[in-house]
Every structure is written in structure tokens, then in C-alpha cells.
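A.B. asks: Here you go, one structure.
The values are calculated or read from the model by the stated rules, or taken from the named source; none is laboratory data. The model shown is predicted, which means the values in this text are computed figures rather than measured ones. Don't worry about glycine lacking a Cβ; one is built from the backbone with ideal geometry, like all the others, and counts go over all protein chains shown.
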Amino acid sequence: MTLLEVENLTVSFPSADGVVRAVRGVSFTLEAGQTLGIVGESGSGKTVLTQTLLGLTPGAEITGKAIFGGTDLLQLSENQMRQVRGSRISVIFQDPLTSLHPLYRVGWQIAEMIRAHEKDITKKQAAERAVELLGRVGIPNPAQRVNDYPHQFSGGMRQRAMIAMAMSLSPQMIIADEPTTALDATVQAQILDLLLKLQQESHTALLMITHDLGVVADIADNVMVMYAGRAAEKGPKHDIFYEPHHPYTKGLLESIPNSSAAGERLRPIPGQPPSLINLPSGCKFHPRCTYVLDRCVTEEPGLREISSDTAHLSACWLPARAAGLGGEAEKIREETVRESRMGAAVEVAEAIAAAPEVQA
Amino acid sequence: MSLSELEFQAAAVEGAPEQAVEGRSQWQLTWRRLRSDKVAVTAMITIVVMVGLAIAAPAIAALVHHPPNIAYPNTGENAVGNPVGPFTNGFWLGTDDTGRDLMVRIFYGARISLFVGLVTTAVATVAGVAVGLIAGYFGGIVDAVLARFTDAVLAFPYVVLALALAVVLGPSLAVIIGVITFFSWAGISRIVRGQTLSLKEKEYIEAARSLGAGPFRIMFIDILPNLLAPVLVLATLYIPAAVVFEATLSYLGLGIQPPTASWGNILAAAQNFYQVAWWYTVFPALALLITTLAFNLLGDGIRDAMDPTTERLLAARRGRKARARSRKNAAGPDQAPADTAGSASA
Amino acid sequence: MTDESAAAVMTSAQSSQDDVLVRVDNLVKYFPVRTAGYVRRTVGHVQAVDGVSLAIPRGKTLGLVGETGSGKSTLARCIAGLLPVTSGQVTFDGDDITNLSRRKMIPYRREIQMIFQDPYGSLNPRRRVGAIIADPFAIHKTVAGNERKRRVQELMERVGLNPEHYNRFPAEFSGGQRQRIGVARALALRPKLIICDEPVSALDVSIQAQVLNLLADLQRDYGLTYLFIAHDLEVVRHVSDSVTVMYLGRVAEEGSRDAVYRTPRHPYTAALLSAAPAADPDAAASRQRIILTGDIPSPIDPPSGCRFHPRCPKARELCGQEDPPLEVKAGDGPTHLTACHFPVEAGENLAAAAAARRESP
């Protein structure tokens, strides 16, 4: 059952220096009980995307649709949105120290959330629910810890408390914005484990935003890679990791240390993500793409089907068969480059080759 | 997630600077924001006008042919010897109880007030910053001593000291400047100390230490530039306090002595005549009020201009209207090529 | 540390005695916890670093791994002379630089530099980038005027920045570029040792690779020695020659990179390695995650005996009583030291033990 259907979402911010086009036509769906991993770096628009879904972007110009359970989230008033937030969609933020109120006890905050949405519940019942939730997320001695303040919790425990709060009203969907980035590796493992377990128990859909490909490889079912405000590639996890088509995805996978032998030079993507105010022409990734073609400089590709069995799409002009990390795919790419790089792309390719990061 | 972080992301700091907008220094950005703040601009203009009038006081006196300290009992006083009102006999704002031109005296008073306000604030700022910086940076015993001294100064009743000094040294401009400066630096020092304490913990200070920078280099080259912004706001807000302080002292007879005009001593004399000469009280008070208000509003404006979040609130207001507009256009204009595969499941 | 293990460390170090640039002996750093008020009583200590020894050979990279509370950042700052040491010794190129006065430390400041984690916090936002990079020259009064400017621009170019951006402010640069500015600043006086405190943790993945490559190039070109602190195990594996794993102020395990990564003997190291996310769905699915119980305890009140025992899947009574010595375990090479009473054996399934432990606390 499709829980969330986002159609051509566009978000722009007016700023003194020009219009910041943070999200430029993003579409995706999320099924109940599934996990979608949205991967992107700074400036990819991933956080603005989810903030917009929750109505947390005042001052933005938004177009498109986001149909959740029959209603378009983008058209809801603030009051209506408040009813949705927390009870049907809840959020887990990156830094639990700043998203939990420092001056109120943790248990009180959870109970408050419950009481805000369930009008006929008593204070006592809400408090009991809070204790139960804390126990469910693995906090030891929940009956005592429920009266602690956030600063008395460790980072991992705070994040668990956030998850408890997010789960308190049994939402249909949880949006997790970099929930484990600020945590230590061992704690991260615990939190991801917990999220998976809870998701399986309650059949909640999870929208996980992260820049960490490892986290996505672990818990996502489907993946959407974002670049410069749009989806560069999306599809099932296996397709993205083992048959990446978009050169950005491929570049990301190749630039992380575990892909090269220890001590060998890493293969970074040259250059930097573009300014969202002054975006390049054509495909926004072309100034950094090793496989840039003439067409890429002028025409921005839409999402094109890569595989007919799985829903694997990529916004790239390279042929669909040029997917994967192996030699075959590489040959196809090189062939395409030879055939289709004669004009504008030649200069771009030379600039990329001359980039200091690329030179040995 | 706060809106500031959002905009940070939205503005894609990761972008290439060449393509993006030209870099601007903090001061340029502040100035730009200040310029668009109507209240602050009005305040600035008011101050400029006031300063201009103060500087031009002698010229104005010549224009109306009424030097500030010359009494005109014939034209400046009515039949019973009371001051004449505005626009009478060539006195634009009326006269005081001895028949002197009130307007000219007010502008001469402005000279004193502004001079005292600016000079005392300048000296107090330099002293306050130095003390606060040293106390905050060194901490320990240095801080303990300096902070306690600052507290003592803040607790001291200034009127008593002013009175004592006036008795011992005789009231004068120098005494006023001394007293006001002495009591102003402490407030600035306390705030600077607080700022220094927090700036001291920043990583770039640690970096400077790791490079081998000595304490004075760190204080003046690394910390001080970060203090300038709050200190500027503070100083702008201290000027009107100094102006009022001077007026108060002169009103009490401890500062500028008649016949030299000062808003304070004019008001002191005016209080006996309020029933017969409303202008005698109102105009100097108005001058004081306008000056003080202008500096305060300017200070607020500078503080808002330095704080980037204000711009976002303005943008938010604009955005809400835009959002309402876009809700009317149901489909919304296409801004980028739509996904050809439509919304197939991800 | 017992005498035998001390001897073990000495022997392994002595074999490359001449080549050791930095040696740390039994470094202890406690932060006093005081009551508030005028007269402050010390009520406890944060035992940030509790007896750590290490040796960094010239031209090599020592990777220092640990989580929150491990003391790795504190250790780095003690070595850099930014924090006074409670006890122990820091030797740099044969000289004892422990707790030197600021004056005496000045010449060493040219040789020991730091690169910080936060690209947004480690540069003064109110100063221009050229001035920031020129700081070392200004402080140590080496070059001035035009020559200084030339050197700064040369540095900028070397680290991959456009030298014409000399007069810009840090806010006008991206995170990766700011980190490069930090590198340029650290490189200015051609130091011998650069302490990198999580230099890429705050950067995007694609930028991380760029900066790591840059650091590798600079090491090669200038013969630099690195103390590389990170919590990302993949990054550490990539850059390090030898690795030291810290837990709650003590060394849990140390050795050459390959030894530690291929055959971790300490359960904590094993858990860390299993927890590191790998960008490989099949590996992630088939990997046996060792999920530990509980959170990292506070360094103010560390557990008795082996500090890891409350969370260790293999912990037994001895572990809570006696502090395990840091020594070579059977079957390991002479430089691979582990502080554990019951080190991990080949083929042992710690994940199952950890899971069992979580079920019945």
C-alpha cells in the first residue's frame, strides 16, 4: 500500500543573493513498512525536502504534491499539519540534544506529546505510556530515568528517547534526518538495530535521510540519491550499490575508503557541489562528471528507466546498459564518450582532468 | 531544525565561490541590512541632523542675531517679565526666563550633550574593552580582581561621587566627562568579559595557541575583531545614557554651570516657569528625548542588522504570501523537466 | 602497565629507537571536578587519559581510534602542549617537552601543528584567509611583507585553493575548502608532526576523499609524520601505518594496521569493526554485528578492573577485578599488544555472545 506519494516537489527560497532552488522537481513513493534511504551531500536538498513535507519551511515557495493517506500535505494549514505531525508522521532529528527541550524532563516531554494528540488521556496514563516507551527503546531503569533531564542522558540514550517520542503515537511513517550521524559507531549500531526492530514490530514506513552510504546499505529497501536538488538515481538497494548507473552514485561509491585497498590513493569526485543559486546548465553534475557528453552540457536529463524488472531510474544520458562497477559497463561508457563527446563537452572534460584533486 | 540551519543548507555553502555571489564582508552585509530598516535610517538621519545643528549652532545664532548668552529683556520678555513664546519677536522657539533665545541655547546645549556623549562613550569603550578582554582571557586571579573592581564601580552611587567631586574640584565639563566615563566603562567591561569568556573556547583560539601565539596577540588579533560587533551596539546604546547622565548632573547643578547652556541646566531653570512658559520645558526636553530615542533606535537597528535571523523573518513573511499565492495555482508552473517515468515507486 | 608489558613496549620501540619522532610514556591527564563557589573543593576527577604510551615513527602515520570519552582528543592536546599533563612524559625528537612553559615551547610549536575537526570553528570568521594562513609566519617572525604573501599563496595553491582568494573570509569557502585552509596553515612552517584531530569527520563523503588524498600527498612530499585521530574505522584503515585503539582513557589494543584490522584481539576492537557501516548491502546483511549493551560510561567514575567489562560480551569475574596488562598475546607479532584477560580467538562468534548477553542482562 502506498503511503506517501510525492509528485514533482519544488522548493525555492528567496534570498538577498537570488533564488535558492533547493529542491527542483522530486518525485518518489513510500510503501507502508518499507524504508527509503535518501542519500545526498550538503546542498543536495535532502533535508529541505523532508522539512517541506512536514511544513517546517516558512518562507519557501513550494509547488508540487505530497499525498499522504489521501491528503496533500503541502496544502494543509498549520493547524491541520500539527495534527499530522507526531501522530501520523513523526520525526527524529540529528542532534537529540537540541531537539529535546533542555529544561523539561524527558518523560514529561514524551507524555506532553501524547497528551497533545490524544485529548482524553489522563496525565497519569500518559506518564505510564512514557515509561513503557522508554523501556521499549531499551533504556535501562525507565521508571527512574523518565524523570531525568536531557543532559543527564548520554547521546545514544537521548536518541533512543527521541525514537520513543517518535513512536509514542504509533505513526504510519517516521522521517529520520541523519539520526545516527552524531553518534559513535557502536551506539549507531544499537540505534539502527532498534529502528529496524521497531519498524518490523509496528510496520512503520521509514524515510531515512543520511549522507552515510553504509547506513543505507544496512537498513534501506530502496534508495534515492540526490544531487543539486533532484534525484540523480533511485531504485532498490541492490541496484544502486551493485549496478550504479549515474556517475555521481558511482563516484560516491568509489570515493569511500573501503572501496580502495588500504593505502591506495582514493578516487574522489573532483570539484564541489554547485551553488543552488547559480546552477550550471544542462545536467547539474556535468562539470564534475568523468563521462560528460555534449548533450549533458545543454540538456538536463529526466529520470530514465535503467532496468525493466526493478524500478531503477537514473537521470543520465548514458545508455541504460552502462550500469555497474565492472569492466563491461566501463567499456560501454567509454564507447559512448568517444561517440558523443565532440563539442562543448571536450572543454569540460579537460577542466575536470586538470583539477588538482584528480592529478596524482 | 532551526530555520537558520535550513537556510544554511539551502544556500549551499558548498557551492563554488566564483559562480556564487561575490563575497561580502560582515560590515557590508550589516550596512545593507541597516539601510533597508526604515526606523534605523530615520534614526540615523535624525542624529546627523542633530549633529549638524550642533555644529552649526554659531551660524544659527548669527542667523537669528541672538547669541546664546545675551539676554534681551526688551524683546525677549513680556510685560510682566516672563519669557515670550515661540515665533514672537524673532525668537523661533521662544525665550528663557532672562530673555535669551531658547532655540540657540538648545543648539549650543546640543554641542555639550553630543560632545560629552561621544567622548565619554569612546573612552569608556576603550577602557571597558581592555579591562573586560584581559579579565575574560586570563581568568583566575586577574579576573577575580578586575571583576570585583568592576562590580564595585557598578555598585557605587554616581550622584554621591559627582557631588563630592563637584565640591572638591568645582563643577565643570572636565568633571562631568570624568565622572561619566568612570561609571560607563564598567558596564561595557562586564559584557566584554562575558563575550571573551565564550570566545576563548572557540576552536580557532585553540588553533592560535597551538601555533604559538601569545596571549596579547590572541586577545587583540583573534578575539577583538569578534567583539567589535557587540561592542558597537553597546556603544551606540551607551551614548544616549551618557547624554542623559550629563543632563542629570547639570540639572542637579553638578555639571555645566550657567550661563553656559546645557540641556540639563536649562531644564533646571525651566521647572520654575512651567506654568507660564511651557516651551521653556518642552523644547529642551524634546531635544533630549529625540536624541536619546534616535540613538537607542539606531542601536537596536544595528543589533538587528548584525543578526542574520532577522532577514529570514522578513523572508518568511514574504514566503507566506508566496505560498498562499502558489496554493491558488494548483498545478504550479514547471520549473524543471519533470520525471519522465512519472511517480513510479522508488 | 606491568613491568613485563612495559618491557615489551620498550623492546618493540627500541628496534626503531632512532626513528621515533614522538614518544609518549604513561601519560595521565585528569581534570579536577570542583564544587562551585569561591573556595572550590575538588570532589572528583575526570580520568580522561589514564596511562597511555605510544610511539610514532618518523614519516609514518599513527591512527588513534576511539569513541566519545576515549580520551583521544585530550591525548592529542597533551602531546601538542595545549593541555598540561598530570603525569607522564612526552618526548619529541629526543627532547622532553612535557609541561614546558609557553616560552620554552615556542620553538616546538614550529615543529608540531594541528589540524582541527570543525572546518567552521577552526578559522576566525572575522579574519581574512590570507592573514589566517600567514599567522605562523607572523607569530614566529620568519618571513614578512611580500615574501610572506608569496609563501601564503604558494601554500594555498599547494593545498588546492585558488591563490587569488587570499583576501576572502572563511564564510565564503565551503567546508572542504576551509579544511584545506587549515591544512595550509598547519603546513606553513614545514612542521615535522601534524596532529590531525578528526580532519574529515565533518566533511561530505566526496570531499573527504579529496582531503585524504591531499594529506597523503603532503606526507609523501614533505616527509610529514601524522597522528591521525578519527572515529571512522575505514578512514583510519586507509591512512594509518599503525593503529592504537583507546577506550575510556586507556589503550585497548595497538599494533600495525593490518594486525589490528585483520585479527583484532580485544572484544572492543572487534565490536568497533563490526559496527562500522560498510557500503555493501550483502556484506551488511551477512555481517554479524556485535551489538554491545549499554552506553559508554563516564570517565569520572570508570568501572573497576578492565574498563570495558560492563559492556563486554566475554566478561568474566576476573575482568571486573583486575586491570588487564597491555601485552603481546599468543600468536601475535611483537608489535601487536592487547589489554584483555580473555582476548578474542580465531573463529569465535562474539556477535552471538553479545546477543545472548543482551537478552539476559
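A.B. asks: Are any of the residues in region C:126-147 basic (Lys, Arg) and within 25 Å of the chain's Cα centre (by Cα)?
C.D. replies: No, every residue in region C:126-147 fails to be basic (Lys, Arg) and within 25 Å of the chain's Cα centre (by Cα).
A.B. asks: Then there's this: Considering only residues that are over 26 Å from residue B:271 (Cβ atoms) and of a type in the set (Val, Ile, Thr), which ones fall in region B:87-140?
C.D. replies: Correct list: B:119, B:121, B:123, B:125, B:126, B:129, B:131, B:134.
A.B. asks: Give just the number: which of (1) β-branched (Val, Ile, Thr); (2) touching a helix residue (DSSP H, G or I) at 6+ places or on another chain (Cβ under 6 Å); (3) modelled with pLDDT of 90 or more does residue B:221 not satisfy?
C.D. replies: Among (1) β-branched (Val, Ile, Thr); (2) touching a helix residue (DSSP H, G or I) at 6+ places or on another chain (Cβ under 6 Å); (3) modelled with pLDDT of 90 or more, residue B:221 violates only (2).
Every residue, every condition in (1) within 7 Å of chain A (Cβ to nearest Cβ); (2) part of a helix (DSSP H, G or I); (3) within 18 Å of residue A:267 (Cα to Cα), yes or no:
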residue	(1), (2), (3)
C:195	no, no, no
C:206	yes, yes, yes
C:210	yes, yes, yes
C:214	no, yes, yes
C:229	no, no, no
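A.B. asks: Among (1) of a type in the set (Gly, Ala, Ser); (2) crowded, with 21+ Cβ neighbours inside 10 Å; (3) not in a loop (DSSP other than H, G, I, E, B), which single condition is residue A:282 missing?
C.D. replies: (3) is the only condition that residue A:282 fails.
A.B. asks: Here's another thing I want to ask about it. Quick check on this structure: which one of B:152, B:174, B:135, B:166 is in contact (Cβ under 8 Å) with a residue 60 or more places away in the chain and within 30 Å of residue B:249 (Cα to Cα)?
C.D. replies: Unique residue meeting the criteria: B:166.
A.B. asks: For the subset of region C:93-120 comprising residues that are part of a helix (DSSP H, G or I) and within 10 Å of chain B (Cβ to nearest Cβ), which member is surrounded by the most Cβ atoms within 10 Å (Cβ to Cβ)?
C.D. replies: The residue in question is C:109.
A.B. asks: Can you pull out every residue in region C:67-92 that is at positive phi and either part of a loop (DSSP other than H, G, I, E, B) or without any contact (Cβ under 8 Å) to a residue 24 or more places away in the chain (or both)?
C.D. replies: C:69, C:71, C:81
A.B. asks: In this structure, does residue A:225 turn out to be assigned to a helix (DSSP H, G or I) and crowded, with 24+ Cβ neighbours inside 10 Å?
C.D. replies: no
A.B. asks: Filter region C:40-54 for residues that are of a type in the set (Val, Ile, Thr) and closer than 14 Å to residue C:302 by Cα; which is surrounded by the most Cβ atoms within 10 Å (Cβ to Cβ)?
C.D. replies: Restricting to residues being of a type in the set (Val, Ile, Thr) and closer than 14 Å to residue C:302 by Cα, the top hit is C:49.
A.B. asks: Among the numbered conditions (1) buried (at least 20 other Cβ atoms within 10 Å of the Cβ); (2) aliphatic (A, V, I, L, M); (3) in a loop (DSSP other than H, G, I, E, B), tell me where residue C:300 comes up short.
C.D. replies: (1)
A.B. asks: In this structure, is residue A:345 assigned to a helix (DSSP H, G or I) and touching a helix residue (DSSP H, G or I) at 6+ places or on another chain (Cβ under 6 Å)?
C.D. replies: yes
A.B. asks: Please go through region A:65-111 and pick out each residue that is among the small types (Gly, Ala, Ser) and more than 22 Å from the chain's Cα centre (by Cα).
C.D. replies: A:70, A:77, A:107, A:111
A.B. asks: Hey, can you tell me all the residues within region C:231-273 that are touching a strand residue (DSSP E or B) at 6+ places or on another chain (Cβ under 6 Å), buried (at least 24 other Cβ atoms within 10 Å of the Cβ) and in a loop (DSSP other than H, G, I, E, B)?
C.D. replies: C:240, C:249, C:265, C:266
A.B. asks: List the residue pairs whose Cβ atoms are under 7 Å apart, where the first residue sits in region B:44-60 and is within 15 Å of residue B:117 (Cβ to Cβ) and touching a residue at least 24 places away in the same chain (Cβ under 8 Å), the second is in a helix (DSSP H, G or I) and among the basic types (Lys, Arg), and the two are 6 or more positions apart or on different chains.
C.D. replies: Taking only residues 6 or more apart or on different chains, the pairs are B:54/B:111.
A.B. asks: Separate question: Within 12 Å of another protein chain (Cβ to nearest Cβ) and among the charged types (D, E, K, R): is that true of residue A:299 in this structure?
C.D. replies: In short, yes.
A.B. asks: Let me ask another. Look at region A:17-52 and say how many of its residues are small (Gly, Ala, Ser), within 7 Å of chain B (Cβ to nearest Cβ) and assigned to a loop (DSSP other than H, G, I, E, B).
C.D. replies: Residues meeting the conditions: 2.
A.B. asks: Separate question: If you check residue C:22 against the conditions, is it buried (at least 16 other Cβ atoms within 10 Å of the Cβ) and not in a helix (DSSP H, G or I)?
C.D. replies: yes
A.B. asks: Among the numbered criteria (1) within 8 Å of chain B (Cβ to nearest Cβ); (2) crowded, with 24+ Cβ neighbours inside 10 Å; (3) part of a helix (DSSP H, G or I), which single criterion is violated by residue C:139?
C.D. replies: That leaves (2) as the condition not met.
A.B. asks: To continue, here is another question. Any idea which residue in region A:285-335 is surrounded by the fewest Cβ atoms within 10 Å (Cβ to Cβ), counting only those that are part of a loop (DSSP other than H, G, I, E, B), of a type in the set (A, V, I, L, M) and over 24 Å from the mean Cα position of the chain (by Cα)?
C.D. replies: Ranking the candidates gives A:320 first.
A.B. asks: Might you let me know whether region C:277-289 holds any residue that is more than 10 Å from chain A (Cβ to nearest Cβ), part of a helix (DSSP H, G or I) and without any contact (Cβ under 8 Å) to a residue 12 or more places away in the chain?
C.D. replies: For region C:277-289, residues more than 10 Å from chain A (Cβ to nearest Cβ), part of a helix (DSSP H, G or I) and without any contact (Cβ under 8 Å) to a residue 12 or more places away in the chain: present.
A.B. asks: While we're here: Collect the residues in region A:216-266 that are within 11 Å of chain C (Cβ to nearest Cβ), within 25 Å of residue A:309 (Cα to Cα) and among the hydrophobic types (A, V, I, L, M, F, W, C), keeping them in residue-number order.
C.D. replies: A:216, A:217, A:219, A:220, A:223, A:240, A:241, A:252, A:253
A.B. asks: Sort out which residues of region A:5-23 are under 20 Å from residue A:313 (Cα atoms) and under 15 Å from the mean Cα position of the chain (by Cα), and write them in order of number.
C.D. replies: A:6, A:9, A:23
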